Structure formats: C-alpha cells, structure tokens
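Structure record follows, encoded as structure tokens.
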Amino acid sequence: MLLGLVFIKLQSEKIKKVNQVANYFGTNGVRGKFNKLGPELALKVAQAVGMYFNRGKIILAKDGRLTGEVIGNVVSAGLMSVGCDVVDLGFAPAPTAEYMVKKLEADGCIIITASHNPPEWNALKVVDSKGIAVSKERGEEIEKLMENIVPAEWNKTGSIVPHPDAIKQHMDAIKENVNAQQIRARGPKIVLDCGNGMASLISPQVLAELGAEVVVINGSVDGRFPGRPSEPTEKNVAELIKRVARENADAGIAWDGDADRVVFVDETGNYVIGDKVFALSVLWKLEEKKGNIVTTVATSRAAEEIAENAGCKTIYTKIGAPYLSEEAAKGDCVLGGEEVGGVIWPELSLAKDGILTAAKMAEKICERPLSKWLADVPEYHNVKKMIEADEEKKKQIVKKMLSYAKEKELRYIDIDGVRINLLDAWVIVRASGTENYVRVFAEAKTMERTEEIINEYMQILE
Ligand code: MG
C-alpha cells in the first residue's frame, strides 16, 4: 500500500516535470548570475533562439561584464551550430545593436547584458527582426524549442563575421535626428557619467561631434563598475550632481549599464528622474510632431497630461519594454517610454535609446535651460507601499481592486494589475511576480492628496 502511494507520487512528479514550462525568460530576456546563466544554459538558449529566428542572420553584441566573454563565445557557437550566420558587433550599447537589426536586415539579435543589474549578473536579451525585444510570452515559445534542439547538418553550420562599424553607424543616425547646428551654435557644457558602461563607447564622442563641450566621468568600460553601481539612481549619481555644480555645466547625463536608460541633472543640480525624462521627451517630440504616445501603466500621469494639452492620446501597455515596442510597431505613435527613463524614438528604432534621448536634451537646452523645461512638466507626487501576501492573497487583493473600480464606476485599466484613474490622481495595484507582496502605488498633484489616496486604498484592500 505504502509502496503503491510512493509509486503514484513519483509518477505524478514525473508528469509535473514534463508539463512544467522551463520559465527561463523574464520581462526582458534570460537573466541570472553566472551559476545559473552559465555556459550550459547560454548555449541552449542561443540554439533555441537561432531556431526561433529560422536559422537566419543574427546580430550579437555584449557589454563589458566579466562573464560576457565566456557567454559571448558560447552564444555565437550555439547560434552557428543551428546554422545561423552571426554578425558580431563586439562591445556595443543595447540601442546600437537594436538599431543595427533593421539596418543590416538581420533576422534577430542577442545582446549579452544585464542592463542596470550588479556586475555578477548577466542576461541574454533577445530582439526580433523588427527590433522588438522578445517578451516573456514569446520567450515561452523559445523555451519549448530548448527541449528539442536540432543542430544543423555538418555542412550547414553558420559563420561569424565581425562588424566593427555599428557604433559609428548609430552615431550617424543620431546626428541626423537632432539639430546639430543648434547645438554647435551654443556649445552647451554637459557632464557625462557613463558609469563604466556601454555609454562610454558612444556618448562622449557623439555629443562632442554634435558640438557640446563634454566633461566625462566613469568613462572607461569596466565590468566591475568601479565608479558607481550601474543603475543611475539619485544616490548612485551623487558624484555627477556635484560635478555639474563644480563645472558650472548646463546639464549632467547618466546612463545605465547598456545605455538604453538615461537620467539628467539640470543646471541647478536637480536630479531628473526617469519619469520626468520621458515627460520632457514627450514635450519635445509633440512640439515637432503631433501623434499618440505610448507608455506603461506604471508611468506618471505627467506624460499623459502633456499629451492631452497638445491634443494627443496616450496608449497604455503592460509594464516592460517589449510591450511598449510591440505597441510602437503598430506605427501610430510618435514616442514611447517608461518610468525608469527609457524612451523609444520610432524614427530610429523600436527600442529604448538613451543616447538619442541625451542628444535630444543637448539640443533642447540650447533653447532654454533644462530647469525651465522642467517647469513645464506637470508636478506629481507619488507614494509606494507594499502589502505582504501569498499567491492566494495576491489574487484576492487585485480582484478586490477590480471589483471596487467596477462597483464605484471608476475609470480603470486592468492589463497589468489594476490601475484606477481618478480625476486628479491614479492608483495601481500589482502583484509581484517573484516575491510575496502586492505593490500599491499612488500619484497625485500634491503630497497631501497622494497620502490621502494611498491610505484610502490600503484600507479598501486590506
Ligand atoms: Mg538598460
């Protein structure tokens, strides 16, 4: 009897294992420390990605992380083993590699970068032929292919060709998309904090060539990130903030490790958070060209308000760059962006481009100081809280929020958690995908009102 039960349990575990989705892909590719994302996993992912992109031409790029060399070699071998031809950009910012996908008419792209994560992390970011990063949902298709890798015949394996001109080509495209004359005429002084990341390879050069006077800190590539942690938070860019004042500069700019995200410092030393970088970009873009903007449900309402004032519509997506790019690919928006300072300029590519965003800022501060532009961004205050919850409770809380919105006939968006839009504020409830809590985030025009709203909703939800 006991043996029988053990047998049934073993069998059911076996079935469970077979049916389990591997779950390697997150919101932005396959990410992990070297003991998880090591050569074995990297090889399998690369082979499956090669099959997913029909064994075509694949662009490969990496950042300066210490494990990048090992993973890069394995990934190129994996791609070639299933018949892909690899175009190797070597070290390149993520936006450069993403820009090159369309330029070189590639079938896909793998970027080896853990973006803003600490140095012991690395990741494989997978991008399709349109330049759209593969989402978690599309990643599941690649995970399925990983279970049945079919290598190419011995005489059909792929090749690898270096392409060292990518950064120059990206720089040329950026220069064509900003008003270089305006920058050259005024020659703004800008302090650049490249954070020892990929921005080091492109930003100082392109901004100098555009006519800005640049002062560079943390400008050499180093995968240990000795200058500062690679996420450009206010605390992490303290040196930049000081330097802007000391140099009497017009602005400061800091990027994350792969240079798709950017934050600013204005001429008075104020840190400009990612949300505001996006809002400013909306302001600048809609002055030139009217159209819809696209952003995630976690972004400040400042962007929507600017768009509204310009007579333009805001389209909301789930949180994560792939969803923004998918929406931007439909072709009816002029700008995309997310709250951490990633801005998509569809005239160049469907990926977040921290270099073009920076160049645009350099152009615009020649018209008015950055602090004056910021005065035109509607002021919002936010508060974030968490409710501890297991899986069951997480679902209940999100459901409660949705029922509340329906019952009170409030405007809401439920594509990713539930966001309730009030007249002067909004509040979103989202279950964490990896940890045991639910995030509650509220934003309003004054801190007082924000506190009032978050307390009200915490009471409703708990
Ligand atoms: Mg990044």
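Quick notes on this structure:
- Conditions (1) touching a helix residue (DSSP H, G or I) at 6+ places or on another chain (Cβ under 8 Å); (2) closer than 18 Å to Ala259 by Cβ; (3) in contact (Cβ under 8 Å) with a residue 60 or more places away in the chain: number failed by Ile142: (2)
- Inside the stretch 377-395, residues that are surrounded by 13 or more Cβ atoms within 10 Å (Cβ to Cβ) and not β-branched (Val, Ile, Thr) make up a count of 10.
- Only listed residue being more than 16 Å from the ligand (Cβ to nearest atom), in a helix (DSSP H, G or I), at pLDDT 95 or above and assigned by TED's automatic domain parsing to the domain that holds Leu335, chosen from Ser371, Ser403: Ser371
- Some residue of the stretch 149-170 being more than 16 Å from the ligand (Cβ to nearest atom), at pLDDT 95 or above and under 21 Å from the mean Cα position of the chain (by Cα): yes
- For Lys318: the one exception among (1) over 22 Å from the mean Cα position of the chain (by Cα); (2) surrounded by fewer than 22 Cβ atoms within 10 Å (Cβ to Cβ): (1)
- Qualifying residue in the stretch 319-332 (condition: within 25 Å of Ser432 (Cα to Cα), part of a helix (DSSP H, G or I) and hydroxyl-bearing (Ser, Thr, Tyr)): yes
- Any chance Asp275 is assigned by TED's automatic domain parsing to the domain that holds Glu234 and under 24 Å from Gly433 (Cβ atoms): yes
- When Gly257, Gly269 are screened for being within 16 Å of the ligand (Cβ to nearest atom), modelled with pLDDT of 95 or more and assigned to a loop (DSSP other than H, G, I, E, B), only Gly257 passes.
- Complete set of residues in the stretch 323-343 that are touching a residue at least 40 places away in the same chain (Cβ under 8 Å), closer than 28 Å to Lys175 by Cβ and surrounded by 24 or more Cβ atoms within 10 Å (Cβ to Cβ): Ser325, Leu335, Gly336, Gly337, Glu338, Val340, Gly341, Gly342, Val343
- Pairing each residue of the stretch 232-261 that is under 21 Å from Trp373 (Cα atoms) and acidic (Asp, Glu) with any residue that is within 16 Å of the ligand (Cβ to nearest atom) and assigned to a strand (DSSP E or B), provided the two are 6+ apart or on different chains, yields C-beta distances under 9 Å for Glu234/Val263.
- Checklist (1) part of a loop (DSSP other than H, G, I, E, B); (2) closer than 17 Å to Lys352 by Cβ; (3) in contact with a helix residue (DSSP H, G or I) (Cβ under 6 Å, 6 or more places away or on another chain) applied to Thr157, failing item: (2)
- Filtering the stretch 229-254 to residues that are within 16 Å of the ligand (Cβ to nearest atom) and crowded, with 22+ Cβ neighbours inside 10 Å leaves Ser230, Pro232, Val237, Ile253, Ala254.
- Pair list, Cβ under 6 Å, 6 or more apart: the stretch 196-208 residue within 11 Å of Ser220 (Cβ to Cβ) and not assigned by TED's automatic domain parsing to the domain that holds Ala92, other residue among the hydroxyl-bearing types (Ser, Thr, Tyr) and surrounded by 23 or more Cβ atoms within 10 Å (Cβ to Cβ): Gly197/Ser230
- The residues on offer are Ile319, Ile365, and the sole one that is in contact (Cβ under 8 Å) with a residue 60 or more places away in the chain, touching a strand residue (DSSP E or B) at 6+ places or on another chain (Cβ under 7 Å), within 16 Å of the ligand (Cβ to nearest atom) and over 20 Å from Pro93 (Cα atoms) is Ile319.
- When the stretch 196-210 is filtered for residues that are among the small types (Gly, Ala, Ser) and touching a Gly at 6+ places or on another chain (Cβ under 6 Å), the ones remaining, listed by number, are Gly197, Ser200.
- So Lys285, is it closer than 24 Å to Asp376 by Cα and in a loop (DSSP other than H, G, I, E, B): no
The values are calculated or read from the model by the stated rules, or taken from the named source; none is laboratory data. Note that the structure is predicted; figures quoted are calculated from it, not measured. Here the Cβ is made from the backbone with ideal geometry for all residues, glycine too, and neighbour counts use every protein chain on show.
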